[in-house]
Amino acid sequence: MWNLAIRRAVTFTMIFLVLIFFGIWSYMRLNPDILPNIQIPIAGVICNYEGTAPEDFENLIVKPIETGCATVTGMSEINSIIMEGQSITLLKFNWGYDMDKAAMDIREKVDLVRSFLPQDMDKPMVIKFDPTMMPVMMLSFSGDIDLKTARKIAEDFIKPSLEKIDGVASVQVVGGLKREIDINLSKKLLFSYGISINDVVNSIAMQNLNLPSGKIEEGEKDIIIRTIGEFKSPKEIENVIVGYKGNVPVQIKDIGVVVDTFEEKTSIARINGNDGVLLQIYKESGAVTVDVSNKVLKEVKKISKLLPEKTEIKTIYDMADFINRSLRRIRSNILVGGILAVLVLYFFLQSIAPTLTIAISIPVSIIITFAVMDMLKITFNMMSMGGLALSVGMLVDNSIVVLENIYRRRKEEKEGRIEAASNGTREVGMAITASTLTTIMVFLPIVLIPGMVGIIARDFALTVVATLTVSLFVALTLVPMISARFFKDTKLKGGIIDRIHENILRFIDNMIDSYKKGLRWSLNHKKIIVYSTLALFIFSLMLIKPFGFIGTEFMSKTDVGSISLNAKFPFGTDIESMERTLVDIEKVFQEKVPELDVIAAMAGSSEMGFMFSGGSNTASVMARLVKKDKRKYSQFQIVERIRPELKKIPGVDIKVSEQEMSMLLMGTISSTIEINLFGNDLKELERISEIIKSNIEKVKGIRDVELSTKEKTKELVLKISREKAQVYGLPVALISSTVNSYLQGKTATIYREKGEDYYVKVKLDENDRKTLSDIMNLPLKTPFGSIITLSDVARFEKDYAPTTITRKNQKRFVTISASYFGRDLGSIVKDIQKEIKKVPLPEGYYIEMGGEVEQQRESFKWLSFAIVGAIFLVYMVMCALYESFIDPFVIMFTVPLSLIGVIWILFLTGTTINVMSLIGIAVLAGIVVNNGIVMIDYINQLRAKKMKLEEAVITGASRRLRPILMTSLTTIIGMIPMAIGSGEGGSLRAPMGRAVIGGLTTSTFLSLFFLPVLYTIFESRIKKGKKD
């Protein structure tokens, strides 16, 4: 291949130009995103049955649905969360399962059990979980304007303007006041006229209609007849006849009052301490987040000019901003890493032409890689760009080995340009092919890892594989082609620059001579080298166990510049009281967080539906901080600063946490540590969970320990006498729904005005439903036309019930959740497990760990398999290439040598063992063997020329010292920007960079002495065995 490139330079130049063109074209097509496209293998069944207590909801609805869905093909786990009047049943599948098929199967199962569910409940809704279900942007609209007008402008003008943008799926408006037509009925007048609330609802619904009434023929034409019956104004509703008293019609105005008002305020939105309206923007599936954000911001600029004076639209949250800043930082790391790598090369080569050759190969390799990424449908995301950043130092390794050998042959062998280019490439072609294959093999097990870690790591692994494959092609074609054409002999002229060059070259020659002496001493003291290296390896392992100086966690905490807060109020707290508490919370942020940019708060029942609602007694606050480079403290330090102040606020349970990468992906604020206690009896579960909670609160580093059953609500249980109800001809379901209509209100119809829809809601006047006595005297109309009271057929009993019930695989469980600070997750979990063992569990009760602990356990298990698999694959590839078991076995000792450096760098930098550092260790298995391959391959070539063993080892190792140092240093220095971990998302990738730097540094240094010694020992034994 290289000879063809050397002979047909113009042809290969054209080939590279074509590849570069396609690479640039692909670069323009690749879309930026935070992480690879992920299809979450979770589907949900959402049920609503207003006014139903959690325990009743569980028995009436959730259990039948769980039973029906339990046989869905491919399902691995089923979970349910039940709250008052609503539930969601989550079905988890294996990663990679066809979720369209799963959703279709679930719908079929739900339809089969539909007849067993209450007939008057809302139809169950089946959904697939998707990252697009979470908002990609949150905007606020506020100013010198009342909440009614703000809501109307947001609904009528801002929302339609944004929803017409290509890529925007929907815009949800939260907060403000929305118009509603209320009909407040008088209980006394209902009794007086013998009218029930159902009569009113049905009459209004029947009167407010526009219906087709057929057609007539007039000549040769058909004329359509329409009945126009919709209300023209709220005043018309007053005149609707709802019944008769004798022969006298009874109108709505006779039994109640029609009020043009607003919907009951069940939620609020606040922006920077003021009431306002929030707009949450959802993108279409497949749409590019950054493109959607840019279009939205452009449209906001346009519509802002048309808004009333002293009003404004602000960006509260924009995922695209984090994506752009993260990718800019990675691009910067790639550029800096590339420049540093070129400077290292120039230091060793002290010649512009060969250094320039390598400098050209870097962008050429990366640009061609873009074309491969496009073919593999890999986006520009944090993982793929991280793969490029890792590859910057590695992609020049092959070119360095080829170039250095060509350079050496011209200098030492005095060969011509073409001859040196051909012979030099041929001499190392096998070695660099083998080293590239071993590195590529490392990433095969990573691609095959199941679960989210495997899916996320796929783009990282494939990008590195693509880059290294391209770099091998460049090293075997472009580098010898340029070397044969443009390398010229240069002579030093005696100037100051040349004297510096001469001194550096002399330093390198002296370093090689010193290495020869050191290597000769090592070969004469083999036992000292072997035993001291072994002792260092064992001592390094002791830093993990038993000393425990290096902790473990799932992922490094990432400063995304946002703080989230969840506030839980006592059940039944009114929205006004919640708003007053939110004001106190906002004051803490405004007074204690000078780094605050924007703060937004929402409280009460979410208008986003069950999935995004914590319940009617919860509030959430999101604080966005100024950019990372404009503040001194991290979001984690800021959280610890305000935590004590927030704890002082009375009457509310506040949980404050840093937004993490999982929140950006999944839109959830899940606890790091979850202890799930399973059993059937709720009271026993509560008793045991209280003991566990008390025990784990003693663990150092634990904070915010909570029970899922902490809060109970005072409950009035309506006991209906079936016998009495049947005497009056009233079904139990009718009594229950009628009581619900009186207390909660019932939407009778929709009133339309100027193209807008408003609910017409019928309910009992507030003064007639304040006390238990008022409720017991609610009027019920029998099928015979008589009016009775609720007390005639039912009674109330007081009780306390949980506000939430959780189930997993059709069993109840209670969750003890907590977060941590100041210690690593692994150490804390060990202490927690010790405390749990102290709690005796009754028969049939058991505990499972969940949350981030479970994610860490699964990820570590599969990554450990991947590392072991990578090591075996690397060994097998080398055995196949060298047709030998011994040489690859010797080379594989570079892997444990690298672990010494990994352990020490993690220890010295305070970095934990996590998913990214484990990926770094897996990558090392393919990188560190490259030095051994280059060295051992050349030693074997010298021995094939009948050179004695020790002389071949010293000559081969010393001649490969410069390329080994060059390749190692370019990789190490190229990884420094990643290892520093600065900028948005940098701390996520930093452990991988640190692991690679530490492992490659120790492996390079130790293998320069340990590997030749080990090779000599094995070869001597083999030679001795042959003689015997």
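Suppose the filter is in the same structural domain as Gln744 (by TED's automatic domain parsing) and β-branched (Val, Ile, Thr); does Ile216 pass it? Spelling it out, it is not the case that Ile216 is in the same structural domain as Gln744 (by TED's automatic domain parsing) and β-branched (Val, Ile, Thr).
Among the hydrophobic types (A, V, I, L, M, F, W, C), touching a Leu at 6+ places or on another chain (Cβ under 8 Å) and part of a strand (DSSP E or B): is that true of Leu139 in this structure? When the stated conditions are applied, Leu139 passes them. Checked against the criterion of being of a type in the set (Ser, Thr, Tyr), more than 30 Å from Ile378 (Cβ to Cβ) and modelled with pLDDT of 80 or more, the candidates Ser522, Ser471 yield just one match: Ser522. Only residues that are closer than 16 Å to Asn202 by Cα and of a type in the set (Ser, Thr, Tyr): list them for segment 241-261, please. Tyr244 - this is the single residue of segment 241-261 that is closer than 16 Å to Asn202 by Cα and of a type in the set (Ser, Thr, Tyr).
So that you can scan it fast, the table gives a plain yes or no per residue for (1) crowded, with 24+ Cβ neighbours inside 10 Å; (2) within 28 Å of the chain's Cα centre (by Cα):
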{"residue": "Ile905", "(1), (2)": "no, yes"}
{"residue": "Thr909", "(1), (2)": "no, yes"}
{"residue": "Ser917", "(1), (2)": "yes, yes"}
{"residue": "Ala922", "(1), (2)": "yes, yes"}
{"residue": "Asp937", "(1), (2)": "no, no"}
{"residue": "Met947", "(1), (2)": "no, no"}
{"residue": "Ala952", "(1), (2)": "no, no"}
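Of all residues in segment 692-717, which are more than 16 Å from Val829 (Cβ to Cβ), at pLDDT 80 or above and loosely packed, with under 15 Cβ neighbours inside 10 Å? Scanning segment 692-717 gives a single hit, Ser694.
State whether one or more residues within segment 569-587 are touching a helix residue (DSSP H, G or I) at 6+ places or on another chain (Cβ under 7 Å), in a loop (DSSP other than H, G, I, E, B) and of a type outside the set (A, V, I, L, M). There is at least one residue in segment 569-587 that is touching a helix residue (DSSP H, G or I) at 6+ places or on another chain (Cβ under 7 Å), in a loop (DSSP other than H, G, I, E, B) and of a type outside the set (A, V, I, L, M).
Of the residues making up segment 568-588, at least one is modelled with pLDDT under 90, more than 16 Å from Arg270 (Cβ to Cβ) and surrounded by 18 or more Cβ atoms within 10 Å (Cβ to Cβ).
Here Ser384, Ser422, Ser391, Ser399 are screened, and the one residue that is of a type in the set (Gly, Ala, Ser), more than 19 Å from Ile939 (Cα to Cα), surrounded by fewer than 24 Cβ atoms within 10 Å (Cβ to Cβ) and in contact with a helix residue (DSSP H, G or I) (Cβ under 8 Å, 6 or more places away or on another chain) is Ser422.
Could you run through segment 186-212 and say how many residues are within 19 Å of Tyr758 (Cβ to Cβ) and buried (at least 18 other Cβ atoms within 10 Å of the Cβ)? Adding up the residues that qualify gives 6. In the set Gly822, Gly844, only one residue is in a loop (DSSP other than H, G, I, E, B), within 30 Å of Ser917 (Cα to Cα) and either in contact with a strand residue (DSSP E or B) (Cβ under 6 Å, 6 or more places away or on another chain) or not charged (D, E, K, R) (or both); that residue is Gly822.
If you take the residues of segment 254-270 that are modelled with pLDDT of 85 or more and crowded, with 18+ Cβ neighbours inside 10 Å, which of them is nearest to the chain's Cα centre (by Cα)? Checked segment 254-270; the qualifying residue nearest to the chain's Cα centre (by Cα) is Arg270. Entry remark, segment 521-535: residues being out of contact with any helix residue (DSSP H, G or I) (no Cβ under 6 Å at 6 or more places or on another chain) and charged (D, E, K, R) number 1 in total. The single condition among (1) of a type outside the set (Asp, Glu); (2) touching a helix residue (DSSP H, G or I) at 6+ places or on another chain (Cβ under 6 Å); (3) not in a helix (DSSP H, G or I) that Lys719 does not meet is (2). Residue selection: Lys301 satisfies the criterion of being free of Cβ contacts under 8 Å to residues at least 60 places away in the same chain and part of a helix (DSSP H, G or I). Out of Arg769, Arg795, Arg722, one residue alone is assigned by TED's automatic domain parsing to the domain that holds Phe191 and modelled with pLDDT under 85. It is Arg722. Tyr317 meets the conditions (1) surrounded by fewer than 20 Cβ atoms within 10 Å (Cβ to Cβ); (2) in contact with a Lys or Arg (Cβ under 8 Å, 6 or more places away or on another chain) in every case but one. The failed one is (1).
From the list Gly424, Gly393, Gly454, the lone residue that is assigned by TED's automatic domain parsing to the domain that holds Ala371, over 25 Å from Ile334 (Cβ atoms) and either in a helix (DSSP H, G or I) or of a type in the set (Gly, Ala, Ser) (or both) is Gly424.
Taking the criterion of being closer than 14 Å to Ile368 by Cα and hydroxyl-bearing (Ser, Thr, Tyr), the only residue of segment 5-24 that qualifies is Thr13. Residues in segment 115-131 that are farther than 29 Å from Trp95 by Cα and either among the small types (Gly, Ala, Ser) or free of Cβ contacts under 8 Å to residues at least 40 places away in the same chain (or both): Ser115 only. Inside segment 351-366, can you point out the residues that are among the polar types (S, T, N, Q), surrounded by fewer than 21 Cβ atoms within 10 Å (Cβ to Cβ) and in contact with a Leu (Cβ under 8 Å, 6 or more places away or on another chain)? Matches in segment 351-366: Thr355 only.
Checking each residue in segment 807-827 for being surrounded by fewer than 17 Cβ atoms within 10 Å (Cβ to Cβ) and closer than 30 Å to Met75 by Cβ picks out Asn809, Gln810, Lys811. Quick one: is Asn3 modelled with pLDDT under 90, in contact with a strand residue (DSSP E or B) (Cβ under 8 Å, 6 or more places away or on another chain) and surrounded by fewer than 16 Cβ atoms within 10 Å (Cβ to Cβ)? No; evaluated as a whole, the condition is false for this residue. One residue alone among Ile832, Ile816, Ile836, Ile828 is outside any loop (DSSP other than H, G, I, E, B), touching a residue at least 60 places away in the same chain (Cβ under 8 Å) and either out of contact with any helix residue (DSSP H, G or I) (no Cβ under 8 Å at 6 or more places or on another chain) or of a type in the set (S, T, N, Q) (or both), and that residue is Ile828. Within segment 292-346, being of a type in the set (A, V, I, L, M, F, W, C), in the same structural domain as Ile145 (by TED's automatic domain parsing) and over 21 Å from the mean Cα position of the chain (by Cα) holds for Val296, Leu297, Val300, Ile303, Leu306, Leu307, Ile313.
Checked against the criteria, Ile237 does not count as among the aliphatic types (A, V, I, L, M) and surrounded by fewer than 14 Cβ atoms within 10 Å (Cβ to Cβ). Taken residue by residue, segment 152-172 has no member that is surrounded by 16 or more Cβ atoms within 10 Å (Cβ to Cβ), more than 30 Å from Lys295 (Cβ to Cβ) and either touching a residue at least 40 places away in the same chain (Cβ under 8 Å) or out of contact with any Cys (no Cβ under 8 Å at 6 or more places or on another chain) (or both).
The values are calculated or read from the model by the stated rules, or taken from the named source; none is laboratory data. What you are looking at is a predicted structure, and each value in this text was computed from that prediction instead of being measured. Cβ: placed from backbone, ideal geometry, glycine included. Neighbour counts: every protein chain shown.
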